[in-house]
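I have placed the structure first, in the form of C-alpha cells, so that the comments after it can refer back to it.
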Amino acid sequence: MKKNFTLLKQLFATTFLLFFITAFSFAQVVEVATNMNVPTDMVVDGNDMYVSEFGSGRILKIDLTQTPPFTPVEIATGISSCVSLALKGDDLYISQASGISKIDLTQTPPIAATQVVSNLSNPIELVFNGDNLFFPENGAGKISMIDVTQAQPTVVDVVTGLNAPYGIALIGNELFFAEYGGGKIGKIDITQTFPISNITEVVSSVSSPAGIFRNGNELYISEYSTGIISKIDLTASLPTTTTEVLAGINEPLQYALFESELYLTHANSTISKFEITVSNNDPTPLTLEIFPNPTEGMLTLKGNNIDRIEIIDIYGRVLFSKKQPDSNIDISAFPNGIYFLKMTSGEQEISKQIVKRK
C-alpha cells in the first residue's frame, strides 16, 4: 500500500478473495448488514449506530435494537470519500479524502455537511481528546491534531515519519497507532511537546494492520490482507506479540462495540459482529473539588487526572485555560459574579459553578 489515497482506493478495489474459511470463524462471525457500498467506519450513540459508506458518500444510521439483517437509514449524502467517524456532542465528524467535515445530528435528514478543515492528506481514523481531534494523515505519513473550538482550526503535527498510519486509539494519555505500510503498532505520550519524536514500539511485526480497538487491557487489531483479527495484552512487556482471535475474515477494517458484541466493517459490502467478553472500559470517573467557594480570589483544586482547566463566564467566554494546571488558581482580577470551571480528562468533562465576591 502506498502512502497516498490510492492506498484506500486500491484497498477497497482489491478482488475479494478471503472468505470465512475456518469452522471456528464461521461459527463466531455473523453478518448483520449486507449489500452496502464499501462501509468503512462506525460509531455507536445509545442504540444507534452511524456508518460511513465510502463508495456512495453516504452516512447511514442503524437501530441496533432491530433484529438483523439491519436496514440502514440514510441521513446524509454527497460526502465524497467519507472514511471515519467521531462523535462530539450532537456533531458527527467525518474524515474525507482531503479534509474533515461535520453534520449536526439534531437536524432533519438529509443533513448537509459543514467543512471543518481542508488541505489534509488522506485523514483516516478520528479520535477526540477533549476538544482536540487526532487523526492519521495516511498520505503524509503522520498523525495530526486540530482544536475543533477554533473557527479555522490550525493543523498541528503530532508525530511524523510514519509508514502509512491507519487506525488510532487513545488510552489515557497514550495514543496507539497502526502503521499499515510498516506492519507495526506503536504508541506516543500526547502530554509531550509536539511534534513527538519518542515512539514506543508495541508490536514490531503484524500483517497490514488497519483498525485497532481497545477492550479493557486488550487491543484488537484488524490484519487486513491476511483476514485475521488478532489482539495484544496491553499489560505485557513491550514489544509484545499478537494472539489470533479469528481467521478467514473478509477484509476487516474498523470496530464498534455495542453491549457484548463487537461490530466490524468489511471493505466489500458487509458489516458483521462477534461476541466478546467485555472488559470495563470506563475510565476512572472524574472528581473535582473547589474551595473556598465562594472565593475572594484564590481557588484550590483537588481532582484526578486533570488534563485542562477552563474558567468560563456566563456569556460562554473562556477567561482562563491551562493544560495540567497547578492546584491553586488566582481569579482575584475577575469581576464579582458567577463563573463555571470546566475540567477535562481524555473525553470526560466535569463542570462546577464558582462564585467570585469580595
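The values are calculated or read from the model by the stated rules, or taken from the named source; none is laboratory data. Source: prediction; values computed, not measured. Cβ atoms come from the backbone with ideal geometry, glycine included; neighbour counts cover every protein chain shown. Areas reflect the complete protein model, heavy atoms only, side chains present, ligands, DNA and RNA absent. Shrake-Rupley method; radii C 1.70, N 1.55, O 1.52, S 1.80 Å.
Within the chain, what is the longest stretch that has no GluC sites (Glu not before Pro) placed in a DSSP loop and near at most 16 other beta-carbon atoms within 10 Å?
Numbers: sites that count: 259, 296, 347.
The longest uninterrupted stretch comes out as 1-258.
Name the most mobile residue of 314, 228, 94, meaning the one with the largest mean-square fluctuation, in a Gaussian network model of the chain with Cα contacts below 10 Å.
Sorting by GNM fluctuation, first place goes to 314.
Compute, for residue 196, the solvent-accessible surface of its heavy atoms (probe 1.4 Å) with the complete set of protein chains present, and express it in square angstrom to the nearest 10.
Counting only protein heavy atoms, residue 196 exposes about 10 Å² to solvent.
Gaussian network model of the chain, Cα springs within a sub-10 Å range: biggest mean-square fluctuation belongs to which of 333, 256, 178?
Between 333, 256, 178, it is 333 that shows the largest mean-square fluctuation.
Excluding residues on the same chain fewer than 8 positions from residue 184, give the lysines whose Cα lies under 27 Å from its Cα.
Straight-line reach from residue 184, under 27 Å: 2, 3, 9, 142, 231, 273.
With labels modelled as points extended 7 Å from the Cα through the Cβ direction, what inter-label distance (nm, one decimal) is found for residue 340 paired with residue 260?
Taking the simple label geometry, residue 340 and residue 260 are separated by 3.9 nm.
Report the one residue of 176, 188, 242 whose Cα lies farthest in the direction of the positive end of the charge dipole of the chain (charges on C-beta: Lys and Arg +1, Asp and Glu -1; origin at the Cα centre).
Farthest towards the positive pole: 188.
What is the magnitude of the charge dipole of the range 147-261 about its Cα centre, with +1 placed on the Cβ of each Lys and Arg, -1 on the Cβ of each Asp and Glu, and no other charges, expressed in debye to the nearest 20? Please list the in-between numbers first.
On the way: 4 positive and 13 negative charges, 32 e Å.
The dipole of the range 147-261 has a size of about 160 debye.
How charged is the neighbourhood of residue 176? Take every other residue with its Cβ under 10 Å from the Cβ of residue 176, and add Lys/Arg as +1 and Asp/Glu as -1.
Values: positive: 187, 214; negative: 174.
In short, +1.
Any idea what the dipole of the chain comes to, in debye rounded to 20, about its Cα centre with Lys/Arg Cβ at +1 and Asp/Glu Cβ at -1? Write out the running numbers ahead of the final one.
Working: 23 positive and 37 negative charges, 150 e Å.
Its charge dipole is roughly 720 debye.
Using a cut-off of 19 Å between alpha-carbon atoms, which aspartates and glutamates can reach residue 323, once sequence neighbours fewer than 8 places away in the same chain are excluded?
Partners within reach: 131, 147, 157, 174, 189, 289, 307, 310, 313, 347, 349.
Could you work out which residue, out of 132, 268, 336, moves most in a Gaussian network model of the chain, that is, has the largest mean-square fluctuation with Cα springs under 10 Å?
Evaluated over the chain, the most mobile residue of the options is 336.
So what is the relative contact order for the range 38-158, in percent, with contacts set as C-alpha pairs under 8 Å and at least six apart?
15 percent
Between residue 198 and residue 73, take the C-beta separation as r, use R0 = 35 Å, and let me know the FRET efficiency to the nearest 0.05.
The value I calculate is 0.20.
About its Cα centre, how strong a charge dipole does the range 215-320 have in debye, to the nearest 20, once Lys and Arg get +1 and Asp and Glu get -1 at the Cβ?
Around 160 debye, computed over the range 215-320.
Taking the simple approach of a point 7 Å from Cα along Cα-to-Cβ for both residue 244 and residue 357, what is their distance in nm?
7.0 nm
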